[in-house]
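Trainee: Here it is: the structure, laid out below.
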Amino acid sequence: MQTMIITPNPSDPEVKILSNEFKNQGYNVQYFIPSTIKVNIGFQSKFEKRFESLTPRAALVRGFGAAATQRIFFRLDILRAIEEHNVKLINSRESLEIASDKFLTSVSLEKHKIPTPKTIICEEPHMALEAYEELGNDCVLKPLYGSKGIGITRLNDKGFAENVIYSLGQLNEVFYLQEFIEHYNRDIRILVLGDKVVAGMYRVGDSWKTNLYTGAKPEPLEITDELENLAIKAAKAVKTEIAGVDIVESEKGLLVLEVNSIPGFIGLQKVTEVNIAKEIISYFLESAKI
Ligand SMILES: Nc1ncnc2c1ncn2[C@@H]1O[C@H](COP(=O)(O)OP(=O)(O)O)[C@@H](O)[C@H]1O
Ligand SMILES: [Mg+2]
């Protein structure tokens, strides 16, 4: 049987682990690399031909690659074109679009009454500077599209905030500013598959940025009902079936920072008994049938 992984890089370690799991379950994996796709319109060889042999008619999305804005739009459009040909994407194009955009994620979380830090998004540098003050002169500035903590800066000094904001203003950046939440260098990652929480961990760092990529360490976590419910609600709010939900424990209670639609799992695997790749592939095959 034939299945498909959409990825910018088939030799990515996690893609390899997932491919092996597909093989264990009797599947041959075909890779779809968005940046290398040539779409022909009005020719004999049709774009949709490459999806003909997929059973079930679905593809697992593990990324579409970092790129300039126009290419990001094109690659999202490619995902849409795939869905137009009745191939189920997990996660769906719509959910990838929401979850990979911190602004749309925040809007969706608020709409579903999911607690999240106070956030201000704007284009004008003078508004961003006002936002810095409104957020208590201590906030984090995040790229709208980003992951692994890359490009996130804490602003808690007026002079520094002015410099950063006016410099980014020159580059026509959009400002996404969020109140700084004291979490004592620890946050939580929960992996959700459909209606279920599969695993979770603490991420403990040496500084306020607790991405594993920046050197934080995974530690075991006991998943409470409150965490479970919150993570499932957050995943639903951004319409992801497979989700890595980032949560901080604040004085005000649990707050959702973001939902990752292509969650990494190698770090999480170190602190859980569950075979995560197996859970993801089994979930994918089950959900793809529907
Ligand atoms: N509002 C905040 N207050 C304090 N720390 C934060 C805040 N937002 C993010 N962080 C820290 O930065 C990390 C990365 O932020 P996140 O929003 O998850 O973006 P990314 O997509 O880059 O992972 C979080 O895991 C957390 O440790
Ligand atoms: Mg994160």
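Trainee: Pull up segment 135-147, narrow it to residues that are more than 17 Å from Asn172 (Cβ to Cβ) and at pLDDT 95 or above, then point me to the one that is nearest to ligand 2 (Cβ to nearest atom).
Mentor: Val140
Trainee: Is it the case that some residue within segment 57-66 is surrounded by 12 or more Cβ atoms within 10 Å (Cβ to Cβ), more than 25 Å from the chain's Cα centre (by Cα) and touching a residue at least 12 places away in the same chain (Cβ under 8 Å)?
Mentor: no
Every residue, every condition in (1) among the aliphatic types (A, V, I, L, M); (2) outside the structural domain of Phe265 (by TED's automatic domain parsing); (3) modelled with pLDDT of 95 or more; (4) closer than 23 Å to Val274 by Cβ, yes or no:
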| residue | (1), (2), (3), (4) |
| --- | --- |
| Pro10 | no, yes, yes, no |
| Val15 | yes, yes, yes, yes |
| Asn20 | no, yes, yes, yes |
| Ser35 | no, yes, no, no |
| Val39 | yes, yes, no, no |
| Gln44 | no, yes, no, no |
| Ala59 | yes, yes, yes, no |
| Phe64 | no, yes, no, no |
| Ala67 | yes, yes, no, no |
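Trainee: Which one is nearest to Gln178 (Cα to Cα), of the residues in segment 220-266 that are surrounded by 16 or more Cβ atoms within 10 Å (Cβ to Cβ), in contact with a Phe, Trp or Tyr (Cβ under 9 Å, 6 or more places away or on another chain) and not β-branched (Val, Ile, Thr)?
Mentor: Glu249
Trainee: Looking at Glu110, Glu130, can you tell me which residue is modelled with pLDDT of 95 or more, away from ligand 1 (no atom under 16 Å from the Cβ) and part of a helix (DSSP H, G or I)?
Mentor: Among Glu110, Glu130, only Glu130 is modelled with pLDDT of 95 or more, away from ligand 1 (no atom under 16 Å from the Cβ) and part of a helix (DSSP H, G or I).
The values are calculated or read from the model by the stated rules, or taken from the named source; none is laboratory data. Keep in mind that what you see is a predicted model, and the values were worked out from it rather than measured. Every residue, glycine as well, gets a Cβ built from its backbone with ideal geometry; the counts of neighbours run over all protein chains shown.
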